[in-house]
Each structure stands twice: as structure tokens, then as C-alpha cells.
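The values are calculated or read from the model by the stated rules, or taken from the named source; none is laboratory data. Since the structure is predicted, the reported quantities are computational estimates derived from the model, not experimental observations. All Cβ positions, even for glycine, are placed from backbone atoms using ideal geometry, and neighbour counts span all protein chains on display. Areas reflect the complete protein model, heavy atoms only, side chains present, ligands, DNA and RNA absent. Shrake-Rupley method; radii C 1.70, N 1.55, O 1.52, S 1.80 Å.
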Amino acid sequence: MRPYLKYMLFGILFLYVLFCQSCMTMRLSSKETHKYFDTLKIPFVSKSLKVDAHEIHYLQTGNADKPTLFFVHGSPGSWDAYKSYLSDTLLLKKYRMIAMDRPGFGYSNFGEAEDLPTQAQILEKFITQIDNHQQIVLVGHSLGGPVIVKMATDNPVLFQHLVILAGAVDPRAEKPERWRGVIMSKPLRYLIPGTLRTANDELWWLKSDLVAMEPDLKKITADVVIIHGTQDPLVPYRNMAFMNKAFVKAKSIRNISIENANHFIPWEHFDLIRDALLDLKI
């Protein structure tokens, strides 16, 4: 290989690695966030709280003295997965709403993945810092589902309302692809763009995290709403049956099956989910 070609290839590889570290952040800038809420004339709070060694970024709208809808996004993602809920006029009247960037995503220690127990502990401590002494409803989509379930097993007294949207909770339904483990190793992991690297890490850990959590599911005493699409290609519909069987001490379980729906129900079935949140007895 001619020397100049070798240098060119090294240069291209170097630029690609730099590109991977800076692209695919999947987060709104401060300017974009202001434009969205200011256009709708909706007051909001955007800030970060220190939780141990973590900076947790979140958005808040609604009435600060009302019960809280606490939204937890999937993988990958950020708080803006729930921006339509944070700006809904009906929800704004009934709730204080908080959507945060999970650890490793958005502006919360971006790029530093954490396993399921660690994420739950961080968010539990976060919630104690923003507590307004009203009831808390945990809402989790996709991988956000097992995160809120883990929080409810850790502290069943505090978390008495769960809304699980296409949640991956059944360990036997998880079949982690072997290639995820391969690309976690250095230097291959640095060839994965931005937020996808964090997502790959936690998805690789998910099955073992769910296996470890399963014996504790009987601790959940909450009112639970499970919403799942029957044709979800990413998180199998069988998760609904598993949770109904595993949540043996739940105060109540309401199942909402969406016929022929896929995994993206928070956006494609917004009205149905918004109405389910409004119907909660709080």
C-alpha cells in the first residue's frame, strides 16, 4: 500500500471515530426545547440534579402541587420521547409531569451506561430530591418498563402506581444478540455512534438483570396498568401475560391490549395512553 493511501485510511478512520463520539445524541438542544414549549406558551423547568456521581437532567411541566407523572424513556432515547405528554392541556391540569434523561442518555452523563439496579437506585434518589409529598405515577416505555418495575420492587411503599408501556420484563422473552457482546469490547465499541453505544451496553445486560429481578416481582403492591401492542416485534406481547402472573401482590392490574400495534405505542397511540393516564384514580 502506498504511504499516502495508508495515511488517508488512518485519517478517515480517525474522523469516523470522532464522528461516532459526537453524533447520534438523540437529544434536543436548549434552543429547540425553548422553541417547542414557548410556541405552545407552556411554562417549563429544565435543569439537572446531582445524584451521587451522576448529573440527572429533567424537564418539568404542570402544577407543582399535583400528583406526579414520572416518565422514563426506552433505549435509546431522552426526555423528549414524552414531550407530547408534557404539553398536553388535559394532563397539565391534573398532574405535575417530569420526564428525565436516563443515566447515559441525553444530558445525564451521556455515554456512561448503567445496569438496571444502578439506574433504579439513581432514579429513586432523584425522586426523593424532587418529592412534593403527592402520589407518584411511574410511566415507563420499553426498557423504561423494567426500570420502573425495579424501582417498585425496591420501594413498594413509595411507588403505588405503575404504567408499563411495551415493557421488557419477562427474562425468558429476551434473546440478546451475541454481536452485542462482541462490539462492547475495545476498540470496537468506539466505532458505534453516540447513544447507540449506551443502548447496546444496557441491552446486553438486560436479560441477566431481569433474571435477577424476577424473584422480587412479588413485592410489588401497586396499582398497575399494562399497555402493549399485540404485534410488537421488539418486546414480545407475551410480557403482558408474564407480568399478570408475576405481580401476585399487585393491588390491581389493568390490561390494555392494542390490536396489531407495534412497539412505538407512546407516539402512535397517544390518545389512548393519555386517556389511561387521566383515568388513574389518584
Worksheet item: P(r) for segment 104-161: what percent of alpha-carbon pairs falls in each 5 Å bin, starting at zero?
Response: 4, 17, 28, 28, 14, 7, 1
Worksheet item: Rounded to a whole number, what is D in µm²/s for segment 54-104 from Stokes-Einstein with the Kirkwood radius over alpha-carbon pairs (37 °C, 0.692 mPa s)?
Response: 297 µm²/s
Worksheet item: Can you give me the Cα centroid spacing of segment 74-111 and segment 125-146 in angstrom?
Response: 11 Å
Discussion item. Apply the a/c threshold of 1.5 to the C-alpha gyration tensor of segment 32-80 and tell me whether it is rounded, prolate or oblate.
Written reply: prolate
Discussion item. Could you check the spin-label model distance between LYS125 and GLN231? Points 7 Å from the Cα along Cα→Cβ, value in nm.
Written reply: 4.4 nm
Fill in: SER252/LYS31 FRET efficiency (R0 45 Å; Cβ-Cβ; nearest 0.05)
0.55
Fill in: Surrounding net charge for ILE256, when Lys and Arg each add one and Asp and Glu each subtract one, Cβ distance under 12 Å
-2
Discussion item. Apply the a/c threshold of 1.5 to the C-alpha gyration tensor of segment 70-131 and tell me whether it is rounded, prolate or oblate.
Written reply: oblate
Discussion item. Quick check for me: using +1 on Lys/Arg Cβ and -1 on Asp/Glu Cβ, what's the dipole size of segment 62-183 about its Cα centre, in debye to the nearest 20?
Written reply: 260 debye
Worksheet item: Is the shape of segment 234-282 rounded, prolate or oblate, going by the alpha carbon gyration tensor and its root eigenvalues a ≥ b ≥ c, with a/c under 1.5 for rounded and a/b larger than b/c for prolate?
Response: oblate
Worksheet entry | Nonlocal amide H pairs with VAL72, under 5 Å, H built at 1.01 Å | VAL139, GLY140, HIS141
Discussion item. For a quick check of understanding: with a 1.4 angstrom probe and all protein chains in place, what accessible area in square angstrom does LEU90 have, to the nearest ten?
Written reply: 80 Å²
Worksheet, complete the sentence: The answer for GLU55, listing residues at least 5 apart or on another chain whose modeled amide H is closer than 5 Å to its amide H, is ASN109
Practice prompt. For segment 12-169, give the percent of accessible area contributed by carbon and sulfur heavy atoms, probe 1.4 Å, rounded to a whole number.
Written response: 56 percent
